[in-house]
Amino acid sequence: MLFNKHMLKYYLKYSWLYILGIAALVAVDYVQTWIPDYLGEITDIIKEQPSDAASQMQRILIMIFVVAIVMFAGRMLWRFTLFNASGRVEGNLRHEMFLKSEKLSQKYYHENKVGSIMSWFTTDLETIEEYAGFGVVTIVDAFFLGTIVIVKMVQLDWALAIVAFIPMILIIIWGFLIEKFMSKLWLERQNNYDELYDFSQENFTGIRVIKAFVKETANLHAFAKIAKKNQMKNVSFARVSVIFDVLIELIIAAIAAMLLGFGGYAVYHSVIGQNMVLFGHEVTLGAGGLVAFIALFDSLIWPMIAMGQIVSMRSRAKASLKRVSQFLDAEEDIKNPVNAHVLENVSGKITFNHFSFSYPDAPVEVKSLEDVTFEINAGETIGIVGKIGCGKTTLVNSLLRLYNVEKGSILIDGHDIMECDITSLRNAIAYVPQDNFLFSDKIYNNIAFSDRKKDPVAIQNAAIFADVHDNIAAFKQGYDTVSGERGVTLSGGQKQRISIARAYIKESPIMIMDDSVSAVDVKTEETILKNIREKRKGKTTIVIASRVSTVSKLNRILVLNDGKVEAFDTPENLLKVSPTYQRMVYLQELEKEVEGGAN
């Protein structure tokens, strides 16, 4: 069995299943070794033909039947308990990994691809489950059945038993020599599988781009190269595994032939009255004893084969458990501080105090935001504008504490977000992300994502707020329409508005819209902004926009330029003090003129 802190707790949790299963398995191993004794007795009865042969044969057949019943019941019990336990261990590990994945920061997912993580959740966990179930069976069988058989063989004839022990010693030595090598090969195989999974996942996600640029053939060739590399690693591991198994089979076959030769020769000499001498010991086995001895050796074959399987399974399971453990032991960058403050009755006042930020993988001197200082009053609706890459999205992501920030640099209602409970902080904020991610689910469930208990009226009101109700109602299945993966069946504007409805229904004191109306027409945009002013009155709303018209009627506008605050004022005053805002207004007016001339 594999023991580390992640596995041990589940072994203890399901110890009753393991104990019951192992007890049943040991009982089966013990009673099945009676069968060689009965075969030997039957042989002697046939040879000697005593007067009570019929009654003796009847007794032996009844005992064999009883043994068969015990073995059947025992095998049913250990299969149910041990495989049940291994399945539960896998399920608990997967659940623990999922919870861990929710706690890891954006930094971790920047450094590790989705394909790699998915392979840990699938092939690696399946490998661990196999060893926690079938691996336990093979270990117990190899030890207990092997020990019982060896003791009985020694009792029958220790000299012949020594001949039978040779393969076990060779297999054990061979297993120790090859285990680390096989573990290394399996780890390489899994790493190549990660690469294959990453490539496939990325191509399926971007299939529309591939088709648009007619790159199907090029990507097929690229996939073939990765698949070939993965194939070679699989073949390398399989080759070593097969060679190992073949050598074990050859050793076992060779020893079986030797035992038959020595045993037959010993029985022949016993019949003629001249006992064979082996290792200075007279072999006195008769025909029945030889049959029993050969049957015992036949029972020993499975433990010897099991030793080979254990080496293969253990090497794979160790490599997989190492990968899973690295994931579970990964440092959680974003976590609650000691005695975290739980935000309650949030009014929505937000303060940025000399806030600077650099992404974890960026050079220290490269700052996405630098010395940002401003304050949003409770219940205020503000806009954020600036050139592409000026730090607008980074600013609001920091407010959600998707990354750690300097203490005292961001406050909500006067409370440092680094000292706040993360759950209460994020509950206080409704967020419409820039990518408008939708789950492959009904539109109804996508809107009600924050609270599945919301009634249909609330769902409809949220859709009306986002001006998407009429579009949804026009669908054949209405709110039961499945959006497809990442909302693939919907237009860009529909995805944006459903994302807005999903955020609005949360009824949070703070709402952030990250460029969330860029794919809708001007009329729809005006309707949404009007609804924000009317239905979110008294609540803080932040609207990031690429068009000046989107934020021109809001209370105040924050203008960012190269990661710094250029101005934060009303739209009217910004026309006097902000060159960036002035240029954006000028370009938009120019665009309108060009469009008017074209019309």
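Just a few scattered comments:
- Strands (runs of 3 or more DSSP E) lying entirely in segment 344-417 (those with 2 or more residues that are under 18 Å from Ile544 (Cβ atoms) and without any contact (Cβ under 8 Å) to a residue 60 or more places away in the chain): 350-357
- Pairs meeting the criteria (first residue in segment 515-528 and on the phi > 0 side of the Ramachandran plot and crowded, with 20+ Cβ neighbours inside 10 Å, second residue of a type outside the set (Val, Ile, Thr) and assigned to a loop (DSSP other than H, G, I, E, B), beta carbons under 6 Å, at least 6 apart or on different chains) are Asp515/Gln434; Asp515/Ser546.
- Some residue of segment 533-543 being in a helix (DSSP H, G or I), surrounded by fewer than 16 Cβ atoms within 10 Å (Cβ to Cβ) and in contact (Cβ under 8 Å) with a residue 24 or more places away in the chain: yes
- Candidate set from segment 74-99 (those that are in contact (Cβ under 8 Å) with a residue 12 or more places away in the chain and aliphatic (A, V, I, L, M)); member that is nearest to Asp329 (Cα to Cα): Met97
Residue by residue, here is whether (1) within 24 Å of Met232 (Cβ to Cβ); (2) part of a helix (DSSP H, G or I); (3) free of Cβ contacts under 8 Å to residues at least 12 places away in the same chain holds:
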{"position": "Asp124", "(1), (2), (3)": "yes, yes, no"}
{"position": "Ile139", "(1), (2), (3)": "no, yes, no"}
{"position": "Val154", "(1), (2), (3)": "no, yes, yes"}
{"position": "Asp198", "(1), (2), (3)": "yes, yes, no"}
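- Residues (modelled with pLDDT under 85 and of a type in the set (Phe, Trp, Tyr)) located in segment 94-119: Tyr108, Tyr109
- Those helices (runs of 4 or more DSSP H) lying entirely in segment 1-84 with at least 1 residues assigned by TED's automatic domain parsing to the domain that holds Met307 and more than 24 Å from Ala142 (Cα to Cα): 5-13, 34-48
- The C-beta contact set for segment 205-226 (first residue free of Cβ contacts under 8 Å to residues at least 40 places away in the same chain and within 19 Å of Val114 (Cα to Cα), second residue part of a helix (DSSP H, G or I) and hydroxyl-bearing (Ser, Thr, Tyr), distance under 9 angstrom, 6+ apart or interchain) comprises Phe223/Ser200; Ile226/Ser200.
- Filter result (surrounded by fewer than 16 Cβ atoms within 10 Å (Cβ to Cβ) and under 21 Å from Pro433 (Cβ atoms)) within segment 363-399: Lys387, Ile388, Gly389
- Qualifying residues in segment 302-338 (those that are in contact (Cβ under 8 Å) with a residue 24 or more places away in the chain and either assigned to a loop (DSSP other than H, G, I, E, B) or touching a strand residue (DSSP E or B) at 6+ places or on another chain (Cβ under 6 Å) (or both)) - the one farthest from Glu90 (Cα to Cα): Pro337
- Of note, Pro456 satisfies the criterion of being surrounded by fewer than 18 Cβ atoms within 10 Å (Cβ to Cβ), out of contact with any Pro (no Cβ under 8 Å at 6 or more places or on another chain) and farther than 19 Å from Ala545 by Cβ.
- Members of segment 418-454 found to be part of a helix (DSSP H, G or I) and in contact with a strand residue (DSSP E or B) (Cβ under 9 Å, 6 or more places away or on another chain), listed by number: Met418, Glu419, Ser424, Leu425, Ile443
- Taken over segment 479-491, residues that are farther than 20 Å from Val432 by Cβ and loosely packed, with under 13 Cβ neighbours inside 10 Å amount to 1.
Rundown of residues vs (1) over 29 Å from the mean Cα position of the chain (by Cα); (2) surrounded by 14 or more Cβ atoms within 10 Å (Cβ to Cβ); (3) over 25 Å from Glu126 (Cα atoms), yes/no style:
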site	(1), (2), (3)
Lys5	no, no, no
Leu8	no, no, no
Leu17	no, yes, no
Tyr30	yes, yes, yes
Pro36	yes, yes, yes
Ile42	yes, yes, yes
Ser55	yes, no, yes
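- Checking segment 579-591 against the condition returns no match, with no residue being hydroxyl-bearing (Ser, Thr, Tyr), in a loop (DSSP other than H, G, I, E, B), surrounded by fewer than 18 Cβ atoms within 10 Å (Cβ to Cβ) and over 44 Å from the mean Cα position of the chain (by Cα).
- Every pair of residues 6+ apart whose Cβ atoms lie under 6 Å, when the first sits in segment 15-43 and is under 12 Å from Val67 (Cα atoms) while the second is surrounded by fewer than 18 Cβ atoms within 10 Å (Cβ to Cβ) and not aliphatic (A, V, I, L, M): Val28/Arg75
- Filtered by the rule that a residue be without any contact (Cβ under 8 Å) to a residue 60 or more places away in the chain and either over 22 Å from Lys392 (Cβ atoms) or in a loop (DSSP other than H, G, I, E, B) (or both), segment 487-514 gives Gly487, Val488, Thr489, Leu490, Ser491, Gln494, Ala501, Ile505.
The values are calculated or read from the model by the stated rules, or taken from the named source; none is laboratory data. These numbers come from a predicted model, not from an experiment. Every residue, glycine among them, receives a Cβ derived from its backbone with ideal geometry; neighbour counts consider all protein chains shown.
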